[in-house]
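Peer 1: This is the structure I want to talk about, given as structure tokens.
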Amino acid sequence: MIEHTNACINGVWVAASSGATFAVENPATGQTIAQVADLSATDALSAVDAAYTAQSGWAKRTAKERAAVLRRWHQLILSEQEALAQLITLEMGKPLAESRGEVNYGASFVEWFAEEAKRIYGQTIAAHQPTQRLLVTKQPVGVVVAITPWNFPLAMITRKVSPALAAGCSVVIKPSEETPLTALKLAHLAIEAGFPAGVLNVVTGLDAPAIGEALIADSRVRKVTFTGSTAVGKRLYAQSAATVKKLSLELGGNAPFIVMDDADIDAAVEGAMLCKFRNAGQTCVCANRIFVQAGIYADFVSRFSARVAALQVGDGAHAGVEIGPLINRDGLAKVEAHLADAVAQGARVEVGGTRHSAGALFFTPTVVSGVTPQMRMAQEETFGPVAPIYCFNTESEVLALANATPYGLAAYCYTRNLGRAFRMYEGLEYGIVGMNTGIISTEVAPFGGVKESGLGREGGPHGIDEFLEVKYGCFDLGLDPEECR
Ligand code: SIN
């Protein structure tokens, strides 16, 4: 299953110049599954050399030719669905069924942007002078650095890289040091699909801050796209200022999940299960604060808790498992700290609340009631299988609570009142709103946040614009203005 452990630069598999490697561990068992090339920041720059050299040739291909290579990559990813899913589960722990879903989800971006490659349109503008003609065209931004997270080791790469490649950019991918193996397999399939050498490169390494800084300092890199924490995103934003790079940042969230007393409670419980416990609560769009209106609060807490108590926890590679491990010790420690803080301030554990016997990084799916906005779990992303429930009385109260955060990625609301649904949609200060649904992710829609949740949009018709520059041409016809009248 593991074919490559070296970085992929200019179509060649390369070790670190020092020969150093780092261990990739299976979070479910703690076992080392591979030793991967530990590139230095200087090593990583050779990927920029390759990408810079390859970019103009790739951009000169017709959109139809680029689309054909992307479509072949899409087919190869799907034909390797099982192997890729096994690899995702092995290196980051999510249940196999979710990993298979991620392969389909990730492949869908490749297909979507293969189609969008052929729909990059320009404009002509009615000129302000009779002797001139005005043209607007779009051109690829150039070399793109994509810094990607461990929680979706495949889909977060394809969501960034496919529009870049479709637009005619070349890319240097720096995958998370927790999950480099899926990225390397994607690169293998990209080579098989026919991307020219240097168009898609993967640099692996443990010292992500140093590698990121070196890549961003290089003036040949014209765009940085990142998914990860707000703290790291702010650092990359500051580093990019020196060379005024374009940026897309998909950062942290603090998603409110609001259940009004006129909601379909069964649907809301189902939506909350999917929204909160997908990937063991390790997604940026996971419900982080569940607000339930007073009239249905007790009923919701009891129905939801019964469902959570029945979740199967274990190694994601085993059949029937619904909740895998947390990614690492820091992830587990954060979950425990948030819970301890909430309990100390009076919250009540309805279900779970402890580590799970399945292994060192497992936590029992937990429901906490009586949570208040002062608690840590109200202010920060818990990124784990803990569902905090708050009670509220009025629509205006919950809207204010939901918006009282520096984050603004995804929000959810359940109501059967049409007017209320529109009021909530318009009032929630978020880039994405799920109305009567807990799952909003799809390749056909723009994904991204406002406020400190980030910049730019990924996916949908807007996703490719992030990798294109607008060029305006003013053409003088060389005529006397009088001749034109
Ligand atoms: C994320 O957690 O960053 C991505 C989640 C998704 O695409 O649904």
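Peer 1: How many residues does region 282-316 contain that are small (Gly, Ala, Ser) and within 16 Å of the ligand (Cβ to nearest atom)?
Peer 2: Number satisfying all stated conditions: 1.
Peer 1: Something else: When region 259-278 is examined, which residues are found to be crowded, with 24+ Cβ neighbours inside 10 Å and within 12 Å of the ligand (Cβ to nearest atom)?
Peer 2: 275, the sole residue that qualifies.
Peer 1: Within region 323-336, identify whether any single residue is crowded, with 19+ Cβ neighbours inside 10 Å and more than 23 Å from the chain's Cα centre (by Cα), and answer yes or no.
Peer 2: No, there is no match, as no residue in region 323-336 is crowded, with 19+ Cβ neighbours inside 10 Å and more than 23 Å from the chain's Cα centre (by Cα).
Peer 1: Also: Which one of these is among the charged types (D, E, K, R) and over 22 Å from residue 180 (Cβ atoms): 138, 160?
Peer 2: 138
Peer 1: Let me ask something else. Condition first: away from the ligand (no atom under 16 Å from the Cβ) and among the hydrophobic types (A, V, I, L, M, F, W, C). Can you find one or more residues in region 147-162 that meet it?
Peer 2: Scanning region 147-162, I find no residue that is away from the ligand (no atom under 16 Å from the Cβ) and among the hydrophobic types (A, V, I, L, M, F, W, C), so the answer is no.
Peer 1: Residue 456 is checked against (1) out of contact with any His (no Cβ under 9 Å at 6 or more places or on another chain); (2) within 16 Å of residue 407 (Cα to Cα) and fails just one. What number does that condition carry?
Peer 2: Failing condition for residue 456: (1).
Peer 1: So, in region 199-211, exactly how many residues are surrounded by fewer than 24 Cβ atoms within 10 Å (Cβ to Cβ) and either polar (S, T, N, Q) or in contact with a strand residue (DSSP E or B) (Cβ under 6 Å, 6 or more places away or on another chain) (or both)?
Peer 2: Looking only at that region, the number is 1.
Peer 1: Condition test on residue 179, is it over 30 Å from residue 327 (Cβ atoms) and modelled with pLDDT of 95 or more?
Peer 2: In short, no.
The values are calculated or read from the model by the stated rules, or taken from the named source; none is laboratory data. Please read these numbers as outputs of a predicted model, since none were measured by experiment. Because the Cβ atoms are built from the backbone with ideal geometry, glycine has one as well, and the counts that use them run over all protein chains shown.
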